[in-house]
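*Asks:* The structure's right below; bear with me while I get my questions together.
The values are calculated or read from the model by the stated rules, or taken from the named source; none is laboratory data. This one's a predicted model, so the numbers in the text were calculated from it and none came from an experiment. Methodologically, a virtual Cβ is constructed for each residue, glycine included, from the backbone with ideal geometry; neighbour enumeration extends over all protein chains shown. Only protein heavy atoms, including side chains, enter the accessible area calculation; ligands, DNA and RNA are left aside. Shrake-Rupley method; radii C 1.70, N 1.55, O 1.52, S 1.80 Å.
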Amino acid sequence: VDFKSLSHAVRVYQQAIEYLETGRITFPRANAKELLLIKQGKADLEETKTLLLALEEQVRQTAPHPQLKIQDATLTAELDIWILAKLKEFYCLS
């Protein structure tokens, strides 16, 4: 088990939730000791997995759900036109 990666995952989920709820991220982290225990492999693995699943669900519930367009032939054509225009602009071909 890569405990360092687990600690990063917990931290990132918590930061995402904080940002989505407040519009900012606090440093240093209030739970730095908890994150260090996870990173050092001293936290219970099953509890950490449970925490990660709960945090993932909280991010899903907190994150805005944009209405995405369904990709169809028209959308694909519009995207192709936009990409070509950006490439021409980038390479000064217009």
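*Asks:* Over the chain, what is the mean sequence separation of C-alpha contacts under 8 Å (at least six apart), divided by residue count, expressed as relative contact order in percent?
*Replies:* Here the relative contact order equals 33 percent.
*Asks:* Once phi is turned into ³J(HN,Hα) by the Karplus curve 6.51 cos²θ - 1.76 cosθ + 1.60 with θ = phi - 60°, what whole-Hz value does each residue of the range 30-37 show in order, with x for glycine and proline?
*Replies:* 5, 9, 4, 5, 4, 5, 5, 4
*Asks:* Near the amide H of Ala43, under 5 Å away, which other amide H atoms are found, from residues 5 or more places off or on another chain, if H is placed in the peptide plane?
*Replies:* For Ala43, whose amide H was placed from the backbone, the distant partners under 5 Å are Ile38.
*Asks:* Keeping all protein chains in place and using 1.4 angstrom, which order do Phe90, Phe3 fall into by accessible surface area, from largest down?
*Replies:* Phe90, Phe3
*Asks:* Okay, moving on. Once the Cα atoms of the range 1-85 are picked out, what are the Rg and Dmax in Å?
*Replies:* Gyration radius and largest Cα-Cα distance of the range 1-85: 18.7, 54 Å.
*Asks:* Need the C-alpha centroid separation for the range 59-76 versus the range 5-23, integer Å.
*Replies:* Here the two parts' Cα centres lie 22 Å apart.
*Asks:* Running a GNM on the chain with Cα contacts under 10 Å, which residue among Gln71, Gln61, Gln40 ends up with the highest mean-square fluctuation?
*Replies:* Its mean-square fluctuation being the largest, the pick is Gln71.
*Asks:* Any chance you could run the full-extension gain for Ile81 through Lys33? It's 0.36 nm times the residue separation minus the Cα-Cα distance, nm to one decimal.
*Replies:* Net length gain for the segment: 12.2 nm.
*Asks:* Let me confirm the definition first: pairs of Lys residues in the chain, 8 or more apart or on different chains, C-alpha distance under 14 Å. How many are there?
*Replies:* Qualifying lysine pairs in the chain: 6.
*Asks:* Another one. Residue by residue through the range 42-52, what is 3J(HN,Hα) from phi via Karplus (6.51 cos²θ - 1.76 cosθ + 1.60, θ = phi - 60°)? Round to whole Hz and write x for glycine and proline.
*Replies:* So the J values, rounded to whole Hz, are 8, 8, 5, 4, 5, 5, 5, 4, 4, 4, 4.
*Asks:* Would you please state which residues of the range 2-36 a label at His65 would reach in this model, taking the label point 7 Å out along Cα→Cβ and a backbone N cut-off of under 11 Å?
*Replies:* Correct set: none at all.
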